[in-house]
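Novice: Have a look at the structure that comes next, please.
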Amino acid sequence: MGASSTCRSCGHAGLEPVLDLGRTPLADRLLTATQLAETEPVYPLQVAFCPHCSLLQILETVPPEVLFCEDYPYYSSFSDALLRHSRENVLDLIARRDLGPRSLAVELASNDGYLLRNYVEAGIPVLGIDPAEGPAREAEKIGVRTLNTFFTAELATRLAADGRQADVIHGNNVLAHVADTNGFVGGIATLLAGSGVAVIEVPYVKDLIDHREFDTIYHEHLCYFSVTALDHLFRRHGLYLNEVKRLPIHGGSLRLYVEKVERVGDSVKELLALEAAERVDRIDFYRDFAQRVEGLKTELLALLRGLKAQGRSVAAYGAAAKGATLVNYVGIGTDLVDFVVDRNVHKQGRYMPGQHIPIFGPERLLTAQPDYVLLLAWNFAAEIMEQQAEYARRGGRFVVPVPEPKVV
Ligand code: JHZ
């Protein structure tokens, strides 16, 4: 663990620096009141590009046990949009792949069972795998059988040896989180049945760069994928990226359909061509990113300071991991934002890392009625603004920070 100087995917040694976000605390390490007095661990957050396989990545690897095991506060089921998105994905796959009671659907990083529950409802056997204790317990409660552990190449070998190969393997927002990228993808190849499909979602690096989504960079996210980088990665393990869809979720994601048989479709060819045309596979594409991120910081600070100078009160919505990067990099403390609200009960009563902004339930927006709410979970802006219609009706306004800070 610690800092690496070689590419996480291909091992190339000449990584090119792209962005340095300084030393930041861990994004999901929300503090209890007693922890406020303790020194918080901080880690360097530097982003670099591999000119050999095109993978954008951070250099620091924080041990996964520190990031994901005990007290991991992220529970997928608090977003209705994510639940809908996952359900549609599953129903589509059941129909397309003709899945039934003799099939097996496995999810890597199954969290609280938000996705696999849809297979359980349809009578299709499932296995969830997730190292986070709290979410795994919730999954079991709703009937989603879950192994509370990390998915590794060894675990894949054991499951396959037990005759448990999967017809579908889901992996949503997990590939970027694993330190042993090749071990993980090799494990997918082992666990996947010959005719099976791995359906993997990752945030898309082109959206990150195009829309200045720098706040999605934190220590949990080790890699930021392009189709070009993914194609290299899967081929190394005898897997083929045959179909890809661009999705709006999380600020712009890719859904990848990966199989053992090579039949690369137009969707993949088109995105590979687009990336080549826009030079996503070259350092050029990333060169001015640091400067554009710096620009966003200046604009957002000016906006918030301006509101404060006019005597306006500001709160924030979403104790999201990305919110931690945003408040720490931009330097937003309780001088600018009074409190954060979040529907996730496991986050309420805690404090944002680094800036120590207190977290409450969303009802606080109506009792305190701040003049503005900074949307730290801007990726769910539509869902949140709809829920907060009453706050808006009473005159409240929202500030969206990304891609350019604006009041809506
Ligand atoms: P959210 C998550 O990151 C988790 P985060 C993870 N790190 C990852 O990889 C990315 O997604 C892709 C709350 N909320 O999911 C819930 C409400 O309170 O955008 C969350 O705490 N009310 C694995 O943490 C937060 O906002 C609502 O109506 O950056 C959103 O966090 C909704 C919709 C959300 O991302």
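The values are calculated or read from the model by the stated rules, or taken from the named source; none is laboratory data. It should be emphasised that the depicted structure is a prediction, and the values quoted were computed from it without experimental measurement. Neighbour counts run over all protein chains shown; Cβ positions are idealised from the backbone, glycine included.
Novice: Would you say residue 373 is away from the ligand (no atom under 11 Å from the Cβ), crowded, with 21+ Cβ neighbours inside 10 Å, in contact (Cβ under 8 Å) with a residue 12 or more places away in the chain and under 12 Å from residue 318 (Cβ atoms)?
Specialist: yes
Novice: Among the residues of the stretch 138-151, are any on the phi > 0 side of the Ramachandran plot, away from the ligand (no atom under 16 Å from the Cβ) and not in a helix (DSSP H, G or I)?
Specialist: Checked against the condition, which is being on the phi > 0 side of the Ramachandran plot, away from the ligand (no atom under 16 Å from the Cβ) and not in a helix (DSSP H, G or I), the stretch 138-151 yields at least one hit.
Novice: Going by the conditions given, is residue 97 surrounded by fewer than 24 Cβ atoms within 10 Å (Cβ to Cβ), in contact (Cβ under 8 Å) with a residue 40 or more places away in the chain and either closer than 13 Å to residue 168 by Cβ or in contact with a helix residue (DSSP H, G or I) (Cβ under 9 Å, 6 or more places away or on another chain) (or both)?
Specialist: In short, yes.
Novice: What number of residues within the stretch 303-333 satisfy the criterion of being in a loop (DSSP other than H, G, I, E, B) and either away from the ligand (no atom under 16 Å from the Cβ) or under 23 Å from residue 395 (Cβ atoms) (or both)?
Specialist: 8
Novice: Can you name the residue in the stretch 258-280 that is surrounded by fewer than 13 Cβ atoms within 10 Å (Cβ to Cβ) and acidic (Asp, Glu) and is also farthest from residue 206 (Cα to Cα) among such residues?
Specialist: Checked the stretch 258-280; the qualifying residue farthest from residue 206 (Cα to Cα) is 262.
Novice: Here is a further query. Hey, does the stretch 13-27 have a residue that's farther than 21 Å from residue 152 by Cβ, in a loop (DSSP other than H, G, I, E, B) and within 16 Å of the ligand (Cβ to nearest atom)?
Specialist: Yes, there is a match, as at least one residue in the stretch 13-27 is farther than 21 Å from residue 152 by Cβ, in a loop (DSSP other than H, G, I, E, B) and within 16 Å of the ligand (Cβ to nearest atom).
Novice: Given the criterion at pLDDT 95 or above, more than 20 Å from the chain's Cα centre (by Cα) and part of a strand (DSSP E or B), identify the matching residue among 241, 300.
Specialist: Being at pLDDT 95 or above, more than 20 Å from the chain's Cα centre (by Cα) and part of a strand (DSSP E or B) holds for just one of 241, 300, which is 241.
Novice: Being in a strand (DSSP E or B) and either out of contact with any Phe, Trp or Tyr (no Cβ under 9 Å at 6 or more places or on another chain) or not β-branched (Val, Ile, Thr) (or both) narrows it down to one residue among 123, 134, 171, 163; which is it?
Specialist: Testing whether each residue is in a strand (DSSP E or B) and either out of contact with any Phe, Trp or Tyr (no Cβ under 9 Å at 6 or more places or on another chain) or not β-branched (Val, Ile, Thr) (or both) leaves just 171.
Novice: Still on this structure, I have one more. Can you say whether residue 197 is under 28 Å from residue 27 (Cα atoms) and part of a strand (DSSP E or B), as far as the supplied structure shows?
Specialist: The answer is no for residue 197.
Novice: Would you mind finding the one in 336, 366, 300 that is touching a helix residue (DSSP H, G or I) at 6+ places or on another chain (Cβ under 7 Å) and within 15 Å of the ligand (Cβ to nearest atom)?
Specialist: Testing whether each residue is touching a helix residue (DSSP H, G or I) at 6+ places or on another chain (Cβ under 7 Å) and within 15 Å of the ligand (Cβ to nearest atom) leaves just 366.
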